[in-house]
Amino acid sequence: METKLWRGPPFPGVKWAAMEFLERGTGPALLLVHGFPLDGGTWEAQVGPLSGRFRVIVPDLPGFGKSPPSPAAASLDDQARALLSLLDSLGVTTFAAAGHSMGGYIVFALHRIAPQRLSGIGLVSTRAKADSDDARKGREETAQRALREGPGFLADSMPARLAADGAPPELLDRLRSIMRRATPEGVAAASRAMASRPDATPQLGRIAIPTIVVAGRKDKIVPPSESETMAAAIPGAGLAWCERSGHMPMMEEPEVVTGALLKLR
Ligand code: MLT
């Protein structure tokens, strides 16, 4: 799918930022934010059906997919601000936002920074809690290893953890090829940004817009019970289960995810 390059007003403290993004359809805007160490292509199956109702905007976050890495460290809040600038440049004031995993952390950042601009929220295979100390340590090891030897080790080890057991080989191949496009700088920056993200749990009760939580029953990264607890803490939130999915329901059970996101406005 054809993408465009946005060069934006800077992230705070950074000279410039640039992101490739895909835009399709007309109607209310819907931003789809990908997870780690992935890119906007993970939403491929949703773009067509959702663009019948929404103006769908799918960025590759800095250092992933076709987007160049950010020239300096960017927190998830900085990335949320960059996305707001991208949307400003498209004349989008209010929008629904759905985020997968790390993308969900960025949706929480959008909600912290500019709640008035959000009309609906989709939280796909993500969590509100911040990292434990052990998880932070692991992120730093990932960052240093990616900078030292490139992110190939993630493409070798992660796909089988992301997909449910018994996933078709084509899905694992697709995940591998997406991960191989990630840059060392992008992986390091995103790992460090995730490690320093705040706990979004206190925000949950303040989410006052339509929200749908989507979870894979076989997710090995975000346990189903955590999705259940998160959905219960958000007033009026829906919870859509993808019974056969691991951590990648948009690719494992695309029609369930599309159906859930069609409920946003
Ligand atoms: C993701 O899919 O974005 C990652 O699993 C998120 C994380 O490592 O916390």
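Points to keep in mind about this one:
- Largest first, the residues 134, 77, 173, 219 sort by 1.4 Å accessible area into 134, 173, 77, 219.
- Nearest-20 debye value, region 165-259 charge dipole, Cβ charges on Lys, Arg, Asp, Glu: 340 debye
- Cα gyration tensor shape for the chain, rounded if a/c is under 1.5, else prolate or oblate: rounded
- Each Lys and Arg adds +1 at its Cβ and each Asp and Glu adds -1 at its Cβ; summed about the Cα centre, region 38-130 shows a dipole of about 260 debye.
- Think of a 1.4 Å ball rolled over the protein heavy atoms: the chain then has 40 Å² of accessible area per residue.
- If only the Cβ of Lys and Arg carry +1 and only the Cβ of Asp and Glu carry -1, the dipole of the chain around its Cα centre is close to 520 debye.
- Set of lysines near residue 15 by C-alpha distance (under 29 Å), chain-local residues within fewer than 8 positions excluded: 4, 66
- Rounded to 0.05, the FRET efficiency of the residue 180 and residue 140 pair, given R0 = 22 Å and the Cβ-Cβ distance, is 0.45.
- Heavy-atom surface analysis with a 1.4 Å probe gives the chain a carbon and sulfur content of 53 percent of its accessible area.
The values are calculated or read from the model by the stated rules, or taken from the named source; none is laboratory data. Nothing here was measured: the structure is a model prediction, and the numbers come from that model. All Cβ positions, glycine included, derive from the backbone under ideal geometry; neighbour counts span all protein chains shown. We work out accessible area using only protein heavy atoms, side chains counted, and drop any ligands, DNA or RNA first. Shrake-Rupley method; radii C 1.70, N 1.55, O 1.52, S 1.80 Å.
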